[in-house]
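Shown next, in structure tokens, is the structure this report addresses.
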Amino acid sequence: MYKQEFKNAVERTKGFGLNCPIVRFQEGRLLTPELMGGFAKAFQEHIGEPDVEDVVAQCLSFHFRLLEPMSNIVGMPCQFTIGYVETNERLMFHQTEESLLNILENGIKGSTLNIHAWLTLPTMEIIDLSLPTSYAVINNHKEGIGGVIAQHPDELTGGMKYHPMLIGEDFLIKSGAMIGFRI
């Protein structure tokens, strides 16, 4: 299911006139406990020790900055993926095709952008370094802060679903979203 949505996101990205990376799909799983052991070091080297509020507010920036280091850890290109997440309670960071196109054509209005990003591996596994913290803050829970989602999204439980909408970082550049990054 995620793979088909990802393929649709590739076509949508191209349809928006955005540069889309070449995606080479691979079967199997890459995310092993040994491999994921390198995530903390990459996060520390490229992000530092952000406050909880930074993790929530800088999701696009964090995943953009970790794209290359995570690709190096995995040994294959990861894809910067923009989309939204569905839970049993709500749609989080939901953007429609029309709203994304509006942002692309008219730029960002205001100081915040209700968009989520994560990294997708060639196996369609995902690495999301900010959603558990964002979810914990939104729902006023202590559990989840500092957590990571690193698995195939079709194997998530509890009604959580990832919906990719755009692939690659060209949307960030052309919409002006990258200007607000703290690097």
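Looking at (1) farther than 27 Å from residue 22 by Cβ; (2) in a loop (DSSP other than H, G, I, E, B), can you tell me which one residue 135 breaks?
Only one criterion is unmet by residue 135, namely (2).
Just to verify a result, which residue in the stretch 134-167, among those that are over 21 Å from residue 43 (Cβ atoms) and in contact with a Phe, Trp or Tyr (Cβ under 6 Å, 6 or more places away or on another chain), is least open to solvent (accessible area, probe 1.4 Å)?
Top of the filtered list is 164.
Filtering the stretch 106-158 down to residues that are polar (S, T, N, Q) and more than 17 Å from the chain's Cα centre (by Cα), which residue is farthest from residue 8 (Cα to Cα)?
Of the stretch 106-158, the ones polar (S, T, N, Q) are 106, 111-112, 114, 120, 123, 130, 133-134, 139-140, 151, 157.
Narrowing further to those that are more than 17 Å from the chain's Cα centre (by Cα): 106, 111, 139-140, 157.
Working: 106: 23, 111: 29, 139: 31, 140: 34, 157: 23 Å.
Within the stretch 106-158, the match that is farthest from residue 8 (Cα to Cα) is 140.
With the condition kept exactly as written, say whether any residue in the stretch 119-128 is touching a residue at least 24 places away in the same chain (Cβ under 8 Å), farther than 24 Å from residue 32 by Cβ and in contact with a Lys or Arg (Cβ under 7 Å, 6 or more places away or on another chain).
Among the residues of the stretch 119-128, not one is touching a residue at least 24 places away in the same chain (Cβ under 8 Å), farther than 24 Å from residue 32 by Cβ and in contact with a Lys or Arg (Cβ under 7 Å, 6 or more places away or on another chain), which makes the answer no.
Would you mind telling me which numbered condition in (1) touching a helix residue (DSSP H, G or I) at 6+ places or on another chain (Cβ under 7 Å); (2) in contact (Cβ under 8 Å) with a residue 60 or more places away in the chain residue 79 fails?
With (1) touching a helix residue (DSSP H, G or I) at 6+ places or on another chain (Cβ under 7 Å); (2) in contact (Cβ under 8 Å) with a residue 60 or more places away in the chain applied to residue 79, the lone miss is (1).
Using the structure shown, decide if residue 86 is modelled with pLDDT under 95 and in contact with a strand residue (DSSP E or B) (Cβ under 7 Å, 6 or more places away or on another chain).
Spelling it out, residue 86 is indeed modelled with pLDDT under 95 and in contact with a strand residue (DSSP E or B) (Cβ under 7 Å, 6 or more places away or on another chain).
Can you work out which of the residues in the stretch 7-41 that are among the basic types (Lys, Arg) and surrounded by 11 or more Cβ atoms within 10 Å (Cβ to Cβ) is farthest from residue 100 (Cα to Cα)?
Within the stretch 7-41, the first condition is being among the basic types (Lys, Arg), and the residues that meet it are 7, 12, 14, 24, 29, 41.
Within this subset, residues satisfying the condition of being surrounded by 11 or more Cβ atoms within 10 Å (Cβ to Cβ) are 7, 12, 14, 29, 41.
Values: 7: 17, 12: 10, 14: 13, 29: 31, 41: 33 Å.
That would be 41.
Every residue in the stretch 72-116 that is open to solvent by less than 20 Å² (accessible area, probe 1.4 Å) and polar (S, T, N, Q), please.
Correct list: 79, 81, 87.
The values are calculated or read from the model by the stated rules, or taken from the named source; none is laboratory data. All of these numbers come straight from a predicted model, not from anything done at the bench. Note that each Cβ is placed from the backbone with ideal geometry, even for glycine, and that neighbours are counted across all protein chains shown. Quick note on the areas: whole protein, heavy atoms, side chains included, nothing else; ligands and nucleic acids left out. Shrake-Rupley method; radii C 1.70, N 1.55, O 1.52, S 1.80 Å.
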